[in-house]
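First comes the structure, then the notes that go with it.
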Amino acid sequence: MSVATASDSTASKVGKVLTHPVHGPVRIVSTLTRTVRGEQREYVDLEVIGDEMQISVPADGKDVVGLRPVLGTKETDELIAQLGEPIEPPAKKASWAHRIKSLQMQLQSGRLTDRIEVIRSIVRDSGGTPSSLAERNLLKQAIDPLASEIAIARSVPREQAAELLQSTAENALVDAAA
């Protein structure tokens, strides 16, 4: 016997907007049954909002994947406040390659607090705007999904949300130096 929960019903609502931990806001496009290794499985096809990418996740694994409702205004305010806290310099600076790899792994965790910490670390270590291509790309990977989610929550353009995140982190760096 299967017990349906509130999260079980989210996978079947075509058009519903959720948040993928890595890709940011996604819209449910369809649900379908696929045969995988001779076994029938339900899948949810998702379209990444603001991107042409589509992804598919097993319906029974959506909680494992980490799909969650889009943040509300209160939650986005809390994340922005966390991003704006003064940024302290690291006690010991790791090598560039080790730091980039560590930040990439942290970003892949899908946790919002880790995403915020990646933004803070890159801004702190670069003094504001990263000079290396790897750091710029990593900062973009950290900001873009969160900016898309904030744009939805606050009904603002994604670019405005991205600028809010970037400027908040940079201002935290300035505040820590003062």
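Each stretch of four or more DSSP H residues adds -39500 (n - 2.57); spread over every residue of the chain, this sum gives -16000 deg cm²/dmol at 222 nm.
Remark: the chain carries a charge dipole of roughly 380 debye about the Cα centre, counting +1 on each Lys and Arg Cβ and -1 on each Asp and Glu Cβ.
In terms of accessible area, using a 1.4 Å probe and ignoring ligands and nucleic acids, Lys74, Lys140 rank largest first as Lys74, Lys140. Here Arg136 and Ala81 are evaluated by their C-beta separation; at R0 = 22 Å the FRET efficiency comes out at 0.30. Once you keep just the Cα pairs under 8 angstrom separated by 6 or more residues, what percentage relative contact order results for the chain? Relative contact order of the chain: 21 percent.
Comparing mean-square fluctuations of Asp144, Asp60, Asp125 from a GNM of the chain with C-alpha springs under 10 Å, the top value falls on Asp60.
Note on the chain: GNM, Cα springs under 10 Å; of Ser155, Ser121, Ser167, the largest mean-square fluctuation is that of Ser155.
Taken along the Cα-to-beta-carbon direction at a fixed 7 Å, the label points for Gln108 and Thr73 span 3.8 nm.
Remark: accessible surface ordering of Met53, Met105 (largest first) is Met105, Met53, probe radius 1.4 Å. Using volume of the Cα convex hull per residue in Å³ as the read-out, say which of (1) 107; (2) 164; (3) 147 was calculated from these coordinates. Recomputing volume of the Cα convex hull per residue in Å³ here picks out (3). A Förster radius of 25 Å combined with the Cβ-Cβ distance from Thr129 to Ala94 puts the calculated FRET efficiency at roughly 0.75.
The values are calculated or read from the model by the stated rules, or taken from the named source; none is laboratory data. Since the structure is predicted, the reported quantities are computational estimates derived from the model, not experimental observations. All Cβ positions, glycine included, derive from the backbone under ideal geometry; neighbour counts span all protein chains shown. Surface accessibility is based on the protein's heavy atoms, side chains included, excluding ligands, DNA and RNA. Shrake-Rupley method; radii C 1.70, N 1.55, O 1.52, S 1.80 Å.
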